[in-house]
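The values are calculated or read from the model by the stated rules, or taken from the named source; none is laboratory data. Every value quoted in this text rests on a predicted model; they were computed, and no experiment measured them. For neighbour counting, all protein chains shown are included, and Cβ atoms are generated from backbone atoms with ideal geometry for every residue, glycine included. Heads up: the accessible areas ignore ligands, DNA and RNA and are worked out on the full protein's heavy atoms, side chains in. Shrake-Rupley method; radii C 1.70, N 1.55, O 1.52, S 1.80 Å.
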Number of protein chains: 2
Amino acid sequence: MDWRAIKRILVGKPLETLHLDSERLSKVTGLAVLSSDALSSVAYATEAMLLVLMAAGPPGTAHALAVGGFIILLLVIVVASYRQTVHAYPQGGGAYYVAKENLGTTFGLVAAAALLVDYTLTVAVSVAAGVDAITSAFPGLLGHRVAMGLGAIAIITIGNLRGIRESGAIFSIPTYFFIAAFGLMIVVNVIHPFGSWPSVGATATGTTTAVTTWLLLRAFSSGCSALTGVEAVSDGVAAFRPPESKNAATVLVWMGLILGAFFAGSTYLAHRYGVLPVGEQTVISQLGHGAFGNSVFYFLLQFATALILILAANTSFADFPRLASFLGRDAYMPRQFAARGDRLVFSNGIIVLAVVAGGLLVLFGGDTHALIPLYAVGVFCSFTLSQAGMVRRLATRRERGWAGRAAFSAVGAVATAIVLVIELATKFTSGAWITALLITLLVFAFYEIHQHYGGYARQISAKEWQPVWPRKHVVVVPVAGVSKSTAGALAYALLLSQNVRAVAVATDPAQVQKLQDDWDLWDSGVPLEVLVSPYRAIVGPLLDYINKVEDEEKPDWLTVVLPEVVPARWWHTIFHNQTALAIKAALLFRPRVVVTSVPFHLRR
Amino acid sequence: MDWRAIKRILVGKPLETLHLDSERLSKVTGLAVLSSDALSSVAYATEAMLLVLMAAGPPGTAHALAVGGFIILLLVIVVASYRQTVHAYPQGGGAYYVAKENLGTTFGLVAAAALLVDYTLTVAVSVAAGVDAITSAFPGLLGHRVAMGLGAIAIITIGNLRGIRESGAIFSIPTYFFIAAFGLMIVVNVIHPFGSWPSVGATATGTTTAVTTWLLLRAFSSGCSALTGVEAVSDGVAAFRPPESKNAATVLVWMGLILGAFFAGSTYLAHRYGVLPVGEQTVISQLGHGAFGNSVFYFLLQFATALILILAANTSFADFPRLASFLGRDAYMPRQFAARGDRLVFSNGIIVLAVVAGGLLVLFGGDTHALIPLYAVGVFCSFTLSQAGMVRRLATRRERGWAGRAAFSAVGAVATAIVLVIELATKFTSGAWITALLITLLVFAFYEIHQHYGGYARQISAKEWQPVWPRKHVVVVPVAGVSKSTAGALAYALLLSQNVRAVAVATDPAQVQKLQDDWDLWDSGVPLEVLVSPYRAIVGPLLDYINKVEDEEKPDWLTVVLPEVVPARWWHTIFHNQTALAIKAALLFRPRVVVTSVPFHLRR
């Protein structure tokens, strides 16, 4: 099987580094690649808000428009605040960089950890939600949820491994399809040409819950899931065609307008027609029936919703590898995350995200509902830190008009911080504690990795060359008897040094004479020492012998030359070289000792 | 954590090879070590036979004594036949050797494969059955079945790793405890001192099944599970103290007598008191109540039965490693199985058996009922081949009195062959096909391994030493830049050859000048070639460079010296050496190319 050819078919030809610029995003593809996560949230945000308000019956749902209004106000503030970020950080101003530069490293790493966790959960949860939308239409597929979810992740992964522009092309169609379908649904419902609405509207039945401030705050916090994904554009500024900041800012505003209009529209319509999330149908499905009846347009809207939910995962596939590459470049994650693959994308980040999210999907059997409470904490944590960072930046630089802009970001920071506190308070025991713990552990890991790389760089740096004088080199060749592989190792050893010693271990005293006789018959000129090992251990006596040689000869370098049998079939390796591996492992931490394997190739 | 110390505590001090003889088994410990599998079968054999006969109601169970009589006759024949084997093969005459020597290699390997499969199943099934006996008494433990089973396997494994004589000491007590408890139960029931029996005896209710020959054959075949484990002694002759054959033969007869008495006793008692396997209680449990009522003796009998079932696994732990060592010595399994460990036992076989049986236990969640149909096929396959081999041997040698002895073995071979056919016919679809398939695959694997070792031995043999002339040696040092690890690799390379070349790969044309300048500043005397890799690949351009060097210089040996970073913490290795590993893998199959890593040790 030619893996190289398969890889070429799936991922495409390698791209040269100098093509990096031509792989950038236009505004149109940028909107498609970076906004599917944000736009997909209109599929559930209104519903999430109404679910909380319903607990207080009609007096509760009467507040839907007011709470929705506050959420749209927050959306305006956050988008405006991120526009400032996009202009301030044309190289890509994710929460990580903004918080790190203005609030200090720890806050930056907290924001980064929060986003990495969130992106991973987004992939698992969105894909599972999209698969659910399909299996509700075709219940026969219910047994294949995990396989379908993994298939969706595989398709998204391959699309992203192919490269930014092509994945933009792959994902533009569904995003614009959703925008068209959802927009049409709102317009049709608003102008309402088809006469009276079918009476699907259910009234919330009387309950005992009162309309408290706490209830309204919880409704507000639940509805704020509409804002998830808004940060994607600011993280991806560098992926746009020049002028990057200007293009990114334009796309951010487009996205904000579409998102705001869709959320406002569906909240208004739900209020106007008394639609509530009761029974089997979602609010959007009911609005779809209201607009299109049971016509093909209804099914197109549902299909587009399912698609955009699966594609929300794609935004994470654009963001996670990019954020990981920043962390890799700054030595807070393994450097491999900062290396661009064949197709100029950060392949390692893409693959790690796919594997972890796929693992979550398998672990939860395709039903990732348990993950949803873990989910919004990360976004609002990064919103808060990012906007607080912008306040600090503006206040420090004090450029013209800074006060107004800082006030804007400050309001955004406070509002998102309140949402964060509410999210943590209301969901802590049902899973938010896991997110908090994961973020903490990741921050510790980032610091540990950074410390390691720092120590490594210090220890390895060598500006000056130390001249090499003639040095004493002793070569030890452990042998099992006379054989061609021994002969190969011995011939190679004689190439390296004049001072070569062969050594054999006999586990039975009866073998000693035979080994020595065979060796003498060879007459290779290299002396053989036979060690007797009454306890049948091999490695221990060899190490003792090497210690003895080091004590006697005091060499500058000691090389252990081992014959290594390379079988014609890979699985035949289990029959060979176990002792060689044990010797290598035992000598790995010895300074100035090198272990070399001389291959002996078996034919079939 | 000092693994060495932990191993010492669990397994004990290493033993010298010359202690091998003093680790042999006496007759008393030999009976304990080698008979628990056979004796444990009285716990279920009578019951298995009655379950088949019950299908025909009272006319069926009326045949219990007759069928039981045939089983005891078969037991006598098999034991007598194996006595001849024990005398003929003092070095250990398992079915493998007997069949191989007299019927040819393939039959020997079939017998060996059958036994290996059977031993593994015995461990999983016996341990699960023993755990079941405990959880029936304490249902609260039901959730911990897998953990308890794995714990039991771990204890047996450690006992066996400690060595033969000590494991004999560990396992003598429960075996003799079972013999005493079961014997007492039979004696008490026979002399019947406590007046009338409680009316636990249930009569088989009327059914439609007739008493056919097929039914009787199936009852016979089910009851023949009483014979499983009888072969253990003949496999283990070499483990006895001298005179090995005589001691083993004596133990075989002891075992046959005990087993026969217990099986005959419980079958007779079941018949006399009308005990049938109905309701929740086993036949043995009912007989126990009959003898001891609800006194402490009843619970001791149940406890002893549970213990002997778990210990039946121990017989497999004595047999599997020994058979694997024979196969390893004959190069049909990896040679490691033939090597004695620290404590003079075949540790690798013990560990492999523990891992595979533990894996089965986990896979089946502690409930290994599904494995039982797979199980008796192996034993009767090896019985048949072993006795057929003895017939052939006796008929070929024609020593005095051979005809009578051969007739004995021939009757045994035919009888066990009939049982084998019945087992296969009645259980084929419910699992025996898996056993048949596994045995076939194992035999193919044995031949494949044998062929590999044969080819290896031919290819590697070298009686003559080829003198080493001065040879051309070129050393290539791939570097990432100037650093101490590069300096170490370069210094070592200069020790090996005059002809050293350094090579770097630049993934960005901008790096080329910087690499070259840094290198020139070093002035090491080794020239540096910088390769530009527009597609950011590292290994490909390096291989091209090595090809070019080989074409230009035509060296006899080419060594690639790589710096290898050895971090202070093992998990830090994920940050380093990935490229080095890829280079090693790519060059593994090149003749006359050696890849050497020069360690650079990081401090914390």
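Quick notes on this one:
- Selection of region B:339-351 for residues being surrounded by fewer than 19 Cβ atoms within 10 Å (Cβ to Cβ) and more than 11 Å from chain A (Cβ to nearest Cβ) yields only B:Ile351.
- Failed criterion for A:Tyr535 (all others in (1) hydroxyl-bearing (Ser, Thr, Tyr); (2) at the interface with chain B (Cβ under 9 Å from one of its Cβ atoms); (3) touching a residue at least 24 places away in the same chain (Cβ under 8 Å) hold): (3)
- Of the helices (runs of 4 or more DSSP H) entirely within region B:423-526, those holding at least 1 residues that are closer than 24 Å to B:Val566 by Cβ, at the interface with chain A (Cβ under 7 Å from one of its Cβ atoms) and more than 43 Å from the chain's Cα centre (by Cα) occupy B:484-496, B:511-522.
- Any hit, region B:246-256, residues being closer than 22 Å to B:Asp132 by Cα and in contact with a Leu (Cβ under 6 Å, 6 or more places away or on another chain): no
- Residue in region B:547-604 that is surrounded by the fewest Cβ atoms within 10 Å (Cβ to Cβ), counting only those that are among the polar types (S, T, N, Q) and either without any contact (Cβ under 8 Å) to a residue 24 or more places away in the chain or closer than 15 Å to B:Ala480 by Cβ (or both): B:Asn547
- Residue count for region A:170-208, restricted to those that are at pLDDT 60 or above, surrounded by 14 or more Cβ atoms within 10 Å (Cβ to Cβ) and under 42 Å from the mean Cα position of the chain (by Cα): 17
- B:Gly401 meets the conditions (1) within 14 Å of chain A (Cβ to nearest Cβ); (2) surrounded by fewer than 15 Cβ atoms within 10 Å (Cβ to Cβ) in every case but one. The failed one is (1).
- Unmet requirement for B:Val345, which otherwise passes all of (1) out of contact with any Gly (no Cβ under 7 Å at 6 or more places or on another chain); (2) assigned to a loop (DSSP other than H, G, I, E, B): (1)
- Pick from region B:544-558, criterion within 13 Å of chain A (Cβ to nearest Cβ) and not charged (D, E, K, R), ranking: farthest from B:Leu588 (Cα to Cα): B:Pro555
- Any chance A:Phe383 is over 17 Å from A:Ala312 (Cβ atoms), modelled with pLDDT of 90 or more and of a type outside the set (Lys, Arg): yes
- Index of the failed condition, B:Val561 passing every other in (1) at the interface with chain A (Cβ under 10 Å from one of its Cβ atoms); (2) over 16 Å from B:Arg501 (Cα atoms): (2)
So that you can scan it fast, the table gives a plain yes or no per residue for (1) over 19 Å from B:Gln578 (Cα atoms); (2) open to solvent by 30 Å² or more (accessible area, probe 1.4 Å):
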{"residue": "B:Val474", "(1), (2)": "yes, no"}
{"residue": "B:Gly481", "(1), (2)": "no, no"}
{"residue": "B:Tyr492", "(1), (2)": "yes, no"}
{"residue": "B:Arg501", "(1), (2)": "yes, yes"}
{"residue": "B:Pro509", "(1), (2)": "yes, yes"}
{"residue": "B:Leu521", "(1), (2)": "yes, yes"}
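- Scanning region A:80-119 for residues that are surrounded by fewer than 23 Cβ atoms within 10 Å (Cβ to Cβ), at pLDDT 90 or above and within 18 Å of A:Val411 (Cα to Cα) yields a count of 2.
- Residue in region B:543-551 that is under 46 Å from the mean Cα position of the chain (by Cα) and not acidic (Asp, Glu) present: yes
- Filter result for A:Thr122 (surrounded by fewer than 24 Cβ atoms within 10 Å (Cβ to Cβ) and of a type in the set (S, T, N, Q)): no
- In region B:232-250, the count of residues that are open to solvent by less than 60 Å² (accessible area, probe 1.4 Å), among the hydrophobic types (A, V, I, L, M, F, W, C) and modelled with pLDDT of 90 or more is one or more.
- Qualifying residue in region A:428-440 (condition: under 22 Å from A:Val52 (Cβ atoms) and in contact with a Lys or Arg (Cβ under 7 Å, 6 or more places away or on another chain)): no
- Residue list for region A:348-385, filter: in a helix (DSSP H, G or I), among the aromatic types (Phe, Trp, Tyr) and within 17 Å of A:Gly431 (Cβ to Cβ): A:Phe380
- Among the residues of region A:211-231, the one identified as among the aromatic types (Phe, Trp, Tyr) and open to solvent by 40 Å² or more (accessible area, probe 1.4 Å) is A:Trp214.
- The number of residues in region B:236-284 being assigned to a helix (DSSP H, G or I) and under 23 Å from B:Asn314 (Cα atoms) comes to 23.
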